[in-house]
1. Look through the stretch A:1-29, keep the residues that are away from the ligand (no atom under 13 Å from the Cβ) and more than 7 Å from every other protein chain (Cβ to nearest Cβ), and return whichever of them is nearest to the chain's Cα centre (by Cα).
2. In the set A:176, A:155, A:185, A:196, which member is surrounded by fewer than 17 Cβ atoms within 10 Å (Cβ to Cβ), of a type in the set (Asp, Glu) and touching a residue at least 40 places away in the same chain (Cβ under 8 Å)?
3. Could you check how many residues of the stretch B:156-180 are touching a helix residue (DSSP H, G or I) at 6+ places or on another chain (Cβ under 6 Å) and outside any strand (DSSP E or B)?
4. Need at least 1 residues that are out of contact with any strand residue (DSSP E or B) (no Cβ under 7 Å at 6 or more places or on another chain) per element, so show me which strands (runs of 3 or more DSSP E) inside the stretch A:132-204 make the cut, counting only ones lying wholly within it.
5. In the stretch B:98-114, which residues are more than 13 Å from the ligand (Cβ to nearest atom) and either open to solvent by less than 10 Å² (accessible area, probe 1.4 Å) or touching a Cys at 6+ places or on another chain (Cβ under 8 Å) (or both)?
6. Is it the case that the stretch A:46-58 has a residue that's facing another protein chain (nearest Cβ under 8 Å) and either within 16 Å of the ligand (Cβ to nearest atom) or more than 20 Å from the chain's Cα centre (by Cα) (or both)?
7. Only one of these is at the interface with chain A (Cβ under 10 Å from one of its Cβ atoms) and either over 20 Å from residue B:179 (Cα atoms) or within 16 Å of the ligand (Cβ to nearest atom) (or both): B:48, B:91, B:117, B:75. Name it.
8. Test of understanding: among B:21, B:15, B:63, which residue is more than 30 Å from residue A:199 (Cα to Cα) and either facing chain A (nearest Cβ under 8 Å) or touching a helix residue (DSSP H, G or I) at 6+ places or on another chain (Cβ under 7 Å) (or both)?
Amino acid sequence: MPQQLIQFKESASQTAGPYVHIGCTPNFAEISGVYEEDLGTRMLIGDAKGERLTIKGRILDGTGTPLKDALVEIWQADSKGLYNSPSEMRGSSDPHFTGFGRCATDMASGEFSFETVKPGRVPFPDGRLMAPHVTFWIVARGINIGLHTRMYFSDEAGANGEDPVLARIEHRHRVDTLIGKREGDVVTFDIHLQGDNETVFFDI
Amino acid sequence: MSNRKPETGAFFQRDRAWQPDAYTPWYKTSVLRSPEKALLSLGNTLSEMTGPVFGHDLLGELDDDLIHNFAKPGESAIGPRIIVHGRILDERGKGVAGALLEFWQANAGGRYRHKKEGYVAALDPNFGGCGRTITDEDGYYSFRTIRPGPYPWPNGVNDWRPAHIHFSVFGHGFAQRLITQMYFEGDPLIPLCPIIKTISDPAAIDQLIAPLDMANTIPMDASAYKFDIVLRGRRSTMFENRMEGN
Ligand SMILES: [Fe+2]
């Protein structure tokens, strides 16, 4: 027998469950006094560079009902297209921008919302530029493994048209499920877990 | 954090046969919350290879002590005192340094401190149920808590969750993001649980069961359970960041 290649398997995911807020946003869950502030509450620290935007939306189940117990995380580049990450080798990102946001969906309306800046363009591995986008990760009761997707911007039709990731989507009408609709400073992005408008989710 | 150069390679493809499927009708809530179309497979880009990393300045003194972090001064949470410890590794067996772990759990009676929780078991006024820590240079972590109780939940008419602790883990790249649960060795509810049954490979289930670790038990104080978590490994980039001919 040859040597073994990989000795370890990734731990299996389990649902975040209905009480994910206790661990991830305890202040939102009214468990106060343990952490000063919930992680990922503020993406802008002082004077972040770039265009200020609000990204909001809902996550809809197979009947069109918004999830009121989900947790949404986003990760994005700063206005110049740099990530706030030790593995970012192209330069230093804006010190006033974290790039990471976390939001529990509202217990009444199901809405999530992030105050952020519009990300710059980031290169694909072959050097072509991707269109500005925000990475989404969604967990909730009933979701066995976190769902990865991306939001692009409706005011970037040109860049979206040459984006190498969007180009991979075979059924072209589904591209629209990844486009956040921008009106003024607000970008609305509803995520459909099932149905005709099911959002494109990634195995990435 | 260590002086090692940050790694920048793509993560190994996720083994979707080992991971739970989205649609698992015996766990009823999954039925309307599971994507029906195939996931779009894509090699990692910078957007997934990078990820947020958190510094130790995030942590408060009692963040890793659930026995005391919600308790009134001089009091403590009720229940069997335990230490949970282990390593965050990647699929190559490398320790993941600087990984943020968040954990949450029910109290010793199986009751969560949450608005939407309706189980009759009593709240413990000295137990909040959340904690967090960051791994050291070798990927090692530990925290102190009480052993959570099992609890019934509305799915079938009489389904019970085995005792468990929820874990959320940030590695070094957003593609490594993982939420899972830790179970306790010997719990007879494990093989009956619809949520555990979303995992089809028995070896993948075993990997989520923490053994009693007598060697690390603190005499007359707290017993210990060892729980390692494995995140996706990543390619070495030695030959990756150079274009052909350059
Ligand atoms: Fe739970």
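1. A:25
2. Working: A:176 fails: touching a residue at least 40 places away in the same chain (Cβ under 8 Å); A:155 fails: touching a residue at least 40 places away in the same chain (Cβ under 8 Å); A:196 fails: touching a residue at least 40 places away in the same chain (Cβ under 8 Å).
Going through A:176, A:155, A:185, A:196 in turn, the sole match is A:185.
3. 4
4. A:179-183
5. Scanning the stretch B:98-114 gives B:98, B:99, B:100, B:101, B:102.
6. Step one: filter the stretch A:46-58 for residues facing another protein chain (nearest Cβ under 8 Å), giving none.
Looking for residues that are facing another protein chain (nearest Cβ under 8 Å) and either within 16 Å of the ligand (Cβ to nearest atom) or more than 20 Å from the chain's Cα centre (by Cα) (or both), one finds none in the stretch A:46-58, hence no.
7. Working: B:48 fails: either over 20 Å from residue B:179 (Cα atoms) or within 16 Å of the ligand (Cβ to nearest atom) (or both); B:91 fails: either over 20 Å from residue B:179 (Cα atoms) or within 16 Å of the ligand (Cβ to nearest atom) (or both); B:75 fails: at the interface with chain A (Cβ under 10 Å from one of its Cβ atoms).
Checking each option against the conditions leaves just B:117.
8. The conditions single out B:63.
The values are calculated or read from the model by the stated rules, or taken from the named source; none is laboratory data. This structure is a prediction, so every number in the text was calculated from the model and none was measured. Cβ coordinates were reconstructed from backbone atoms using ideal geometry, including for glycine residues, and neighbour counts include every protein chain displayed. These area figures cover heavy atoms from the full protein model, side chains too; ligands, DNA and RNA do not enter into them. Shrake-Rupley method; radii C 1.70, N 1.55, O 1.52, S 1.80 Å.
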